[in-house]
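Visitor: Take a look at the following structure, please.
The values are calculated or read from the model by the stated rules, or taken from the named source; none is laboratory data. Since the structure is predicted, the reported quantities are computational estimates derived from the model, not experimental observations. FYI the Cβ positions are ideal-geometry reconstructions off the backbone, even for glycines, and counts take in every protein chain you see.
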Amino acid sequence: MNTIVKKFSAYILAIALVLGLFSITGVEADAETYMIQVVTLEPCSLWSQPNTSAPNKVKVLPAGYLVKVYPNYVLSTKDDGKIYYRTSKGNYILTRCVQTVPKTRLTDGFVVNSSNMATYQALRQQQEQLDFQEMVAPYISNPAAQEAALEKKYGVNVVIPSAYMKTPTSYAMYVSYMTEALSMISPEWVSMVAQVSKQQTGKKLTISIKEYEGIHLGGTQAEGVYNPSSNSISLASIDSFTLSHEIGHAFYYYCKAKTPNFSAKWTSYNNGISYVGNNYYNVNFTYAMEACFFSDYSMKDANEDFAETCAYMFYGYTEELVNGTAASKPYLAKKVEYIRKLSNQYAGKRII
């Protein structure tokens, strides 16, 4: 669901829950709810690693078999161009073997007109209630335990506004938001950055949500801020792209401190184009610039350029992104490849 729509709907429903308009009962379920369901199109192997070497084969699934997988793709560790989904059980399945099973909704096939608008709105509201219940159900019985498990999985601290920890429902809502946001970013990369940034600063990477406090940087409102001295990320809202961007800042500071000639090498991929500072919003984003930068904001400085490149790489990372970049934007492709190299180097293994 779109982040803004999801949050708007959830806020409305949270108010409804507080007012007692409907209730949610505790449900025992897998906390990793933000997955998609796929069906095998043919007999398809499960692999213990994203690698089709014989020792990694776990078993063969028949055609028509339903599997829950994480939505972000995983690249083959053999450099053979194969792409995998990671399953809920931690195995891997080739994306070409499966197709997504769409979820049915109450409004599917509904043709809206002036005479049935009220019916449509009622169905839509009911569907939002069902979506909300599905979202928070795995967390409602013990949100604190789910938050602790999330922190342990990624090696981070998560700070949720105290106002949202007063009821299990609102607490569960925020834990589910953060779980979803992190699940949409490469988990191995997040864990690696959390580990190396802690090594550098002596402090665990902390992610704080400050929706009602606001985040200000240089006198202006910001979507997110990374503080290298405290190794902390502050978010104005829970958004996967912004979160991956701020994690990118944490990785930038580590790479800058630990990688020889890092700054010179990074800027060499700009093809002679200079950063423009706070004037980035006035830049006429030309084809030559597109060949080196993912966005106009990337042109502010090297720190923002690196973080923005990380955000585009690791938020729902796909092989198509890298291949498409390499085909038409060779300098940008070099930046992508450099971050891949550094990520694998500091992880001590191939993670992307």
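Visitor: In segment 288-317, what count of residues is obtained for those that are outside any helix (DSSP H, G or I) and closer than 14 Å to Lys256 by Cβ? Steps first, please.
Guide: Taking segment 288-317 first, the residues outside any helix (DSSP H, G or I) are 291-295, 300-301, 315-317.
From what's left, closer than 14 Å to Lys256 by Cβ: 301.
Of the residues in that region, 1 qualify.
Visitor: For segment 284-301, which residues satisfy the criterion of being over 23 Å from Leu342 (Cα atoms) and buried (at least 16 other Cβ atoms within 10 Å of the Cβ)?
Guide: Of everything in segment 284-301, those that are over 23 Å from Leu342 (Cα atoms) and buried (at least 16 other Cβ atoms within 10 Å of the Cβ) turn out to be Met289, Asp296.
Visitor: Conditions first: (1) among the polar types (S, T, N, Q); (2) at pLDDT 95 or above; (3) assigned to a helix (DSSP H, G or I). Thr242 passes all but one, so which condition is the exception?
Guide: If we test Thr242 against (1) among the polar types (S, T, N, Q); (2) at pLDDT 95 or above; (3) assigned to a helix (DSSP H, G or I), just (2) comes out false.
To keep it simple, each residue is scored yes or no on (1) within 19 Å of the chain's Cα centre (by Cα); (2) in the same structural domain as Cys44 (by TED's automatic domain parsing); (3) surrounded by fewer than 16 Cβ atoms within 10 Å (Cβ to Cβ).
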position	(1), (2), (3)
Arg105	no, no, yes
Pro143	no, no, no
Tyr154	yes, no, no
Val158	yes, no, no
Gln199	no, no, yes
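Visitor: For residues that are of a type in the set (D, E, K, R) and within 21 Å of Ile36 (Cα to Cα), scanning just segment 117-141, find the one that is surrounded by the fewest Cβ atoms within 10 Å (Cβ to Cβ). Spell out the reasoning first.
Guide: The first filter runs over segment 117-141 and keeps only residues of a type in the set (D, E, K, R), leaving 124, 128, 131, 134.
Within this subset, residues satisfying the condition of being within 21 Å of Ile36 (Cα to Cα) are 128, 131, 134.
Working: Glu128: 20, Asp131: 18, Glu134: 15.
By that ranking, first place goes to Glu134.
Visitor: Tell me the strands (runs of 3 or more DSSP E) entirely within segment 32-80 that contain at least 2 residues that are within 13 Å of Arg96 (Cα to Cα).
Guide: Details: elements: 36-40, 44-47, 57-61, 66-69.
Counting at least 2 such residues, we get 36-40, 44-47.
Visitor: Moving on to the next point. Which pairs do you get when a residue that is over 17 Å from Tyr85 (Cβ atoms) and in the same structural domain as Arg86 (by TED's automatic domain parsing), found in segment 50-70, comes within reach of a residue that is part of a loop (DSSP other than H, G, I, E, B) and of a type outside the set (A, V, I, L, M, F, W, C), reach meaning Cβ atoms under 8 angstrom, with the pair 6+ apart or on two chains?
Guide: These pairs meet every condition: Ser53/Lys78; Pro62/Pro43.
Visitor: If you don't mind, there's one more thing I want to ask. When residues of segment 288-326 are filtered for being among the small types (Gly, Ala, Ser), at pLDDT below 75 and within 17 Å of the chain's Cα centre (by Cα), how many remain?
Guide: Residues of segment 288-326 among the small types (Gly, Ala, Ser): 288, 291, 295, 298, 302, 307, 311, 316, 324, 326.
Filter once more, keeping what is at pLDDT below 75: 316, 324, 326.
Those still in the list that are within 17 Å of the chain's Cα centre (by Cα) too: 316.
Residues meeting the conditions: 1.
Visitor: Against the definition (over 23 Å from the mean Cα position of the chain (by Cα), assigned by TED's automatic domain parsing to the domain that holds Thr201, closer than 26 Å to Ile185 by Cβ and in a loop (DSSP other than H, G, I, E, B)), how does Phe285 come out, yes or no?
Guide: Working: over 23 Å from the mean Cα position of the chain (by Cα): yes; assigned by TED's automatic domain parsing to the domain that holds Thr201: yes; closer than 26 Å to Ile185 by Cβ: yes; in a loop (DSSP other than H, G, I, E, B): yes.
Yes.
Visitor: Any chance segment 127-138 includes a residue that's of a type in the set (Asp, Glu), modelled with pLDDT under 95 and touching a helix residue (DSSP H, G or I) at 6+ places or on another chain (Cβ under 6 Å)?
Guide: Of segment 127-138, the ones of a type in the set (Asp, Glu) are 128, 131, 134.
Now restrict to residues that are modelled with pLDDT under 95: 128, 131, 134.
The next check asks that each one be touching a helix residue (DSSP H, G or I) at 6+ places or on another chain (Cβ under 6 Å); those that pass are 128.
Within segment 127-138, one or more residues are of a type in the set (Asp, Glu), modelled with pLDDT under 95 and touching a helix residue (DSSP H, G or I) at 6+ places or on another chain (Cβ under 6 Å).
Visitor: Also: Given the structure, is Val69 touching a Pro at 6+ places or on another chain (Cβ under 6 Å) and β-branched (Val, Ile, Thr)? Walk me through it before giving the result.
Guide: Values: touching a Pro at 6+ places or on another chain (Cβ under 6 Å): no; β-branched (Val, Ile, Thr): yes.
When the stated conditions are applied, Val69 does not pass them.
Visitor: Output the residue which, of all residues in segment 99-156 that are hydroxyl-bearing (Ser, Thr, Tyr) and part of a loop (DSSP other than H, G, I, E, B), is nearest to Ile209 (Cα to Cα). Before the answer, list the steps.
Guide: Pass one, segment 99-156, residues hydroxyl-bearing (Ser, Thr, Tyr): 100, 104, 107, 114-115, 119-120, 139, 141, 154.
The next check asks that each one be part of a loop (DSSP other than H, G, I, E, B); those that pass are 104, 107, 114-115, 139, 141.
Values: Thr104: 32, Thr107: 33, Ser114: 41, Ser115: 43, Tyr139: 18, Ser141: 22 Å.
Going through the qualifying residues, I end up with Tyr139.
Visitor: Would you mention how many residues in segment 254-264 are in contact (Cβ under 8 Å) with a residue 40 or more places away in the chain, surrounded by 15 or more Cβ atoms within 10 Å (Cβ to Cβ) and assigned to a helix (DSSP H, G or I)? Don't jump to the end; show me each part of the working.
Guide: The first filter runs over segment 254-264 and keeps only residues in contact (Cβ under 8 Å) with a residue 40 or more places away in the chain, leaving 254-255, 257-259.
Okay, now just the ones that are also surrounded by 15 or more Cβ atoms within 10 Å (Cβ to Cβ), so 254-255, 259.
Still in the list and also assigned to a helix (DSSP H, G or I): 254-255.
Number of matching residues: 2.
Visitor: Before we move on, is Val196 among the aliphatic types (A, V, I, L, M) and touching a Pro at 6+ places or on another chain (Cβ under 8 Å)? So that I can check it myself, show each step before the final result.
Guide: Details: among the aliphatic types (A, V, I, L, M): yes; touching a Pro at 6+ places or on another chain (Cβ under 8 Å): no.
When the stated conditions are applied, Val196 does not pass them.
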